[in-house]
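The values are calculated or read from the model by the stated rules, or taken from the named source; none is laboratory data. Keep in mind the model is a prediction, meaning the values are calculated, not measured. Here the Cβ is made from the backbone with ideal geometry for all residues, glycine too, and neighbour counts use every protein chain on show. Keep in mind that these areas ignore ligands, DNA and RNA; they rest on the heavy atoms of the full protein, side chains included. Shrake-Rupley method; radii C 1.70, N 1.55, O 1.52, S 1.80 Å.
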Amino acid sequence: MKAIIHGRIITEKGLLDDNVLLFEDKIFGIVPEKEIDRYKIERFIDAKERYVSPGFIDMHIHGAAGHDIMDGSEEGIRVISENLVASGVTGFLATTATMDWNMIEKALDNIKKAMDKRYGSKVLGCHLEGPFISKKYPGAQNGLHIIRTDFSFLENYKDVIKMITTAPELENSQGFIRRCVEENILVSIGHSCATYDETLNAIKLGARSITHIFNAMTPLHHRNPGVVGAAMDDKDVNCELIADNIHIHPAIQRILLKVKGTEKIVLITDSMRASGMEEGCYKVAGQTVIVKDNSARLENGTLAGSILTMDRALKNFRDNTGVPIEEAVKTVTFNPARLLGIYDRTGSLEKGKDADIVIFNEEFNIAYTFVRGDQCYKE
């Protein structure tokens with residue numbers, strides 16, 4: 001058995017000091033330091049007063065380290081997985097883009113294989129972002145490949161697709177949303193020109209998330225509240241947030257926090273293949289993306305994902321809002337795990353759950369990452 005000592009352990013109820021986290025491949029428990037002699041410990045990990053947290057979950061990531069999920073490459077997804085543990089991510093949804101359906105199927109087949117592998121960060125399944133989105137708000141998605149909303153496209157991949165971004169104003173969307181909910185696929189509203197009422201109706205049908213809030217959707221207007229207004233008005237819907245200070249101004253991050261609270265915010269990276277790479281030109285979903293000054297943009301200036309990492313997202317969010325570290329961490333642990341229906345096995349440091357653990361300091365610099373109890377990263 002392994003033991004993490006001298007750490008500030010983050011639980012859903014707050015911080016625990018003077019306690020020890022015991023684990024193997026699963027969490028054994030949290031015990032007072034004075035009781036540690038009762039257990040047979042094979043390895044001690046000294047946290048040196050740093051934070052001990054559940055591993056981070058990224059529900060929306062397209063790529064990193066020079067690779068993209070849409071490459072459909074087993075080697076690519078392995079590299080992405082091994083790269084993510086350095087930023088504390090122990091589980092992620094491999095996120096597709098709007099391209100020819102045959103290419104999406106190739107990516108889905110690859111994701112399915114990767115779900116059974118043990119590379120680094122766990123591949124939890126797929127976040128299907130498009131192709132069932134609005135042609136008016138494609139963002140950096142390729143509008144040429146947007147297709148009619150139809151669940152039959154997903155029939156062979158119900159075990160792989162854990163989340164889907166769609167526009168609720170589209171034809172057939174109500175039946176589509178209902179079917180996704182029936183199949184336990186998380187529905188997120190995004191790339192949408194839906195009205196306030198259309199958005200609320202989708203939420204009533206079972207949509208539980210808003211994809212990268214404020215980006216690629218109808219904005220908040222005092223006479224036409226749109227998707228953003230509905231997201232702020234509904235107390236239960238969750239909001240994905242790209243906290244890179246480029247997609248979302250720090251003031252808006254503070255406003256969102258006041259309206260939604262940490263319980264309904266999920267930090268994501270929406271990172272693309274240039275994350276962790278040098279500035280320059282990259283190909284994403286068949287389009288040229290220019291990475292410069294910490295942003296990734298199409299040639300027309302449209303933001304095309306990010307080069308953000310989850311540790312930096314947390315630091316930005318904490319710095320921008322002043323929220324305590326243990327509250328910020330909820331947005332990448334408890335919240336996404338509950339949304340995805342996997343809180344019974346990950347997302348907290350409760351006994352019996354996977355030993356997905358990260359240790360970091362006040363600046364969110366990662367010291368250790370453990371996935372299912374295996375040390376996958378050490379600074």
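Quick one: angle between helix 173-182 and the longest Cα principal axis of the chain, in degrees between 0 and 90, rounded to 10, please. Approximately 30 degrees, to the nearest 10. Pairs exceeding 26 Å between alpha-carbon atoms, taken from Lys48/Lys353; Lys26/Lys204; Lys162/Lys264; Lys122/Lys292; Lys117/Lys378: Lys26/Lys204; Lys122/Lys292.
In this structure region 226-283 gives 40 Å² per residue of accessible area when probed at 1.4 Å with all protein chains present. For region 18-71, GluC sites (Glu not before Pro) meeting the loop criterion (DSSP other than H, G, I, E, B) and having at most 11 other Cβ atoms within 10 Å: Glu42, Glu49.
Here the chain has 46 percent of its accessible surface on carbon and sulfur atoms, given a 1.4 Å probe and all protein chains in place.
When the trypsin sites (Lys or Arg not before Pro) in region 183-266 are filtered for DSSP coil states and for at most 11 other beta-carbon atoms within 10 Å of their beta-carbon, the remaining sites are Arg223, Lys235. In this structure region 32-190 gives 40 Å² per residue of accessible area when probed at 1.4 Å with all protein chains present. Rolling a 1.4 Å probe over the protein chains gives Val259 an accessible area of about 70 Å². The stretch between Arg118 and Arg43, if pulled fully straight at 0.36 nm per residue, gains 24.8 nm over its current Cα-Cα span.
Pulled fully out, how much extra length does the chain show between Lys106 and Ile252, if you take 0.36 nm times their separation in residues and subtract their Cα-Cα distance? Present the calculation step by step, with values, prior to reporting the outcome.
Values: separation 146, 0.36 × 146 = 52.56 nm, distance 3.76 nm.
Gain in length upon complete extension: 48.8 nm.
For percent of Cα pairs over 39 Å apart, the value computed from the atomic coordinates appears in the list (1) 13; (2) 21; (3) 8 under label (1).
How much net charge surrounds Pro32 when only the other residues with a Cβ under 13 Å from the Cβ of Pro32 are counted, with Lys and Arg +1 and Asp and Glu -1?
For residues surrounding Pro32, the net value is -3.
Of the GluC sites (Glu not before Pro) in region 191-297, the ones in a loop by DSSP (not H, G, I, E or B) with at most 11 other beta carbons within 10 Å are Glu278. Label zone of Leu144 (point 7 Å out along Cα→Cβ, amide N under 17 Å): in region 298-335 this covers 298-300. Our estimate of slack between Met277 and Lys13, defined as 0.36 nm per intervening residue step minus the Cα-Cα distance, is 91.3 nm.
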